[in-house]
Each structure stands twice: as structure tokens, then as C-alpha cells.
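Before any comments, here is the structure.
No lab work stands behind these numbers, since they all come straight from the coordinates. In this text the structure is predicted, and so the values were computed from the model without any measurement. Glycine also receives a Cβ, built like all others from the backbone with ideal geometry; neighbour counts cover every protein chain displayed.
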Amino acid sequence: MATTDSSPARLRALRAYSDDPNPTRAVAELSERLEATQASCVLLFCSGHYDLAALGPAIEKGFRVPVAACTGAGQIGAGGFERGGITGVSLSSSDLGMRSLLLSPLSLCQSQAVGIAREQAHRAAATPGTRSFGILMVDGLSHWEEYVASALYEALGNVPVVGGSAPPSPNHPHPAVYHGGKFARGAAVLALFETRELAFETFVTQHFVPSQTKLVITLADPDRRLVYEINGEPAARAYAHALGIDRAQLGPQDFACHPLLLDMGDQLLPRAIRAHHLDHSLSMACAVEEGLVVSIAKNTDPLAALERSFSEVERRVPTPAACLVFDSLFRRIELEAHGLDRQVGELLARKGAVGFSSYGEQLGPLHVNHTLTGLALGGATARTTP
């Protein structure tokens, strides 16, 4: 298994992957490959197949530096797209610090965000010139992502935050985030970073444009993320009709390749469909309100869109040491359906990307779908060693 080393003057990033099914051995392997004893912090993205009651203490024992982690249904690392195992990245610099902060229960996220902001203000006053950014990981079945992202944005102000929602996996339907030796459900973890001189920049990419097929959400329950009617008809039937297929034929590939698209004028926001139900309702991956006018999204070249996005962010952060990315699980399904997953995975690997396939993505105050959000950090020439 390869370990990728990016060594700028002020930041060193190591990526590693272990598919050992034993939690203790997997953590030990990662700790060695990530050279964790010399790291400033570590981020881990773990398969939900592990026994989390054993994995949590193993992480706490195996890493003596701050760690933020979550479960997922697929990871992104030096080998491109991975399934199973644990992908990790260590970041090492005298100019980088990280604190892992738990938000739980999420019903109190607003007051918790205010507390985090208050402490952050004290730290900033004590160390003038320090800049901060955040990486957010949220339980993807909590339905609290919009509230968490908004609360942190309102409280932290100019601190950029990106992240992803931890998805369920086939054999582990309960996503979880890691903090302090334990994995928690119905919670979020904010990895809050501080630096004086390291360059960083958030970015987002998606590859859909509006089609001519317009739809109106006429009955919905935003809190439960359910759409009951579109154009005054049962939602699943109206959506299938817009695709030109029978409702009984609807499946994950249809949802992944044809999300709903909200045109906000200055940005296009895909709204992913997770499933359809016997009552003809559609489960969405984020809140969708009544009265919204959306279109059936029309896809463009996802590889070209991703290359453009990396080119743009690299103009602001030349040759990043690491790119922390949160790539929609729906994008991955679409890429696999079109046979593009290997090419996109190779591009992500070349760009030093590490992260996971998410159930929704966070960018500032927004919870979005069917995107890749990320943060480019530092500047280096990447090299890979066996």
C-alpha cells in the first residue's frame, strides 16, 4: 500500500490506507504510515463495517495527537476511490493546530456554536494574526445539517467551514462521528484549525445545468425532507414522467444521474433524491420547501468540471500539500454508472485529495447535495513513496 508524501516548506501531508479488518491492527498500521508521532493532527475516514465500540478506543490509544473522524460508505485517498478499510491523512507543521469539537445533541447546535465562537475569539485575541478554518463531519441521518451549518456560520463569521455528512453503509445503517475515544450517533464534529501563514482556500464543484423541464414542489415536509407532490401530482409519479419512464422503474441510478436543480441566479444547487416510497413521496438529501421551482438537472462532463475546479483553486493555493474533500455519494453512483469512477479517482489521487463519499456536503452556511466540496491547504510538490 502506498503512502503519499507532500512536503512543502511549512506543511507535510501524508495519506495512507489500511484494509485490515481488525480495528487495532488497522489503527497501528495507519499510525505508522502516517508517522503520527510527528504529526500536528490526523483525520480518519472509516468504513462502517468496523466494530465502532472497539475502533474508538483503538484510535484514542493509537494516536496521541488531535484526531477527527467519521464513518462512511466509501473513502478517497492515494488510491483514488476506496471501499472498506480506513483512509487517513496526517498534517504536520509548526504553523498548524487543530481542535476537535463535539456538537451533541444537535438540537443544541446553536448554543454550542456560540460557545465555540466565544472561545475562538479569546484564542484569536491571544494570538493576533492567526487565521482559522473548519472541517465539519455530521451524522448524515440526523437531518440537522442545515441547522448546524447555519449556526456555525452565524457564530464563527469569517471562519470558512466545509464538510460532509457521514452516510449509512449497507451493513452498518447508523453513521457516526468520532470524538474522544468514542463514536457518536446524532452528533457532529468540527475540526477547527489555526494557522498564521499556511495558505488555504475552500472550493466546490458540480457538473449540472438546468434542463427545459421545470417542476414545482406543491406539497412537502421540509423537516422530514419529504416531497409529496410535484406539479400537483404524486411526486414520484411526476418525477418519473419527467424522465420519460414508469414510476416502477425508478432506481438509484435515476436519482444519481437526474437530481432536481434549484437555480438561485448566482449559483445552481442540486437537490439529490435518496429514495421513493409506496405513497409516491420522494425522500430528499436536504430540505426542500413548497413553492420551489426546480428543473430536472442535465449533466455535463464531471471530469472536465472537476479539472476546472482544481485549476481555479490552484491559482489561489499553488500546488496544495493536501486537499480535504467531501464528494457526494450520488456523484460516485453516477460516475460508476457512466464508467468514469476510475478516471475521476485517479485525478483526485493526483491532486492529493483525501476524504469520503458523503450523504450531503456543507459549504459555509449551506447544506448542499451532489457536489464535491473541499479545502486546499498549503503548497508543495507531491511525491509518492512505496
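Which of V354, V313, V368 moves the most in a Gaussian network model of the chain with Cα springs under 10 Å?
V313
Pick out, from H367, H338, V325, the residue whose Cα sits farthest towards the positive end of the charge dipole of segment 325-372, with +1 on the Cβ of Lys and Arg and -1 on the Cβ of Asp and Glu.
V325
Long-range amide H contacts for S211: which residues qualify at under 5 Å (H placed 1.01 Å from N, peptide plane, sequence gap of 5 or more or a different chain)?
I296, K298
Could you tell me which residue out of V313, Q212, V138 lies farthest along the dipole of the chain toward its positive end? Charges go on the beta carbon: Lys and Arg +1, Asp and Glu -1, centred on the Cα centre.
V313
Summing +1 for each Lys or Arg and -1 for each Asp or Glu, what net charge is found among the other residues whose Cβ lies under 13 Å from the Cβ of R196?
Working: positive: R10, R123, R131; negative: D95, E194, E197.
Summing Lys/Arg as +1 and Asp/Glu as -1 gives 0.
Evaluate the relative contact order of segment 208-299 (contact order divided by residue number), counting alpha-carbon pairs under 8 angstrom at least 6 apart; express in whole percent.
Details: 200 pairs, mean separation 39.3, N = 92.
Once divided by the residue count of segment 208-299, the mean separation gives 43 percent.
Treat every Asp and Glu Cβ in segment 52-128 as -1 and every Lys and Arg Cβ as +1, leave all other atoms uncharged, and give the resulting dipole magnitude about the Cα centre to the nearest 20 debye.
Working: 6 positive and 4 negative charges, 22 e Å.
Result for segment 52-128 is approximately 100 debye, rounded to the nearest 20.
Around Q206, with a cut-off of 13 angstrom between Cβ atoms, what is the net charge of the other residues, counting Lys and Arg +1 and Asp and Glu -1?
Values: positive: R271, K298, R308, R331; negative: D263, D301, D327, E334, E361.
Local charge sum for Q206: -1.
Using just the helices of the chain, give the 222 nm mean residue ellipticity in deg cm²/dmol: DSSP H runs with n ≥ 4 each add -39,500 (n - 2.57), and the total is spread over all residues, rounded to 500.
On the way: 9 runs with 101 residues, N = 386.
Estimated from H runs of four or more residues: -8000 deg cm²/dmol.
For a Förster distance of 22 Å, can you work out the FRET efficiency between the beta-carbons of V216 and H174, rounded to the nearest 0.05? If you can, show how the numbers build up before the last one.
On the way: r = 35 Å, r/R0 = 1.59.
That pair, V216 with H174, gives E of 0.05.
Note the per residue figure in Å³ for the convex hull of the C-alpha positions in segment 208-299. Each step should come with its number before you reach the end.
On the way: hull volume 7.6 nm³, N = 92.
In segment 208-299, the Cα hull volume divided by residue count equals 83 Å³.
Principal axis extents for segment 1-121, Cα atoms only, whole Å, descending order, please.
Extents along the principal axes, in whole Å: 43, 38, 26.
Amide H of A322 versus every other amide H placed in the peptide plane: which residues, excluding those fewer than 5 positions away on the same chain, fall under 5 Å?
Distant-sequence amide H within range of A322: L377.
Between 0 and 90 degrees, rounded to the nearest ten: what's the tilt of helix 302-316 against the longest Cα principal axis of the chain?
Taking Cα atoms only, the helix is inclined about 40 degrees.
Which far-off residues, 5 or more places away or on another chain, put their amide H under 5 Å from the one on G360, with H placed in the peptide plane?
It is S165, L329, by chain and number.
From the phi angles alone, apply the Karplus equation (6.51, -1.76, 1.60; θ = phi - 60°) to segment 342-355 and give each ³J(HN,Hα) in whole Hz, x where the residue is Gly or Pro.
5, 5, 5, x, 5, 5, 4, 5, 5, 8, x, 6, 8, x
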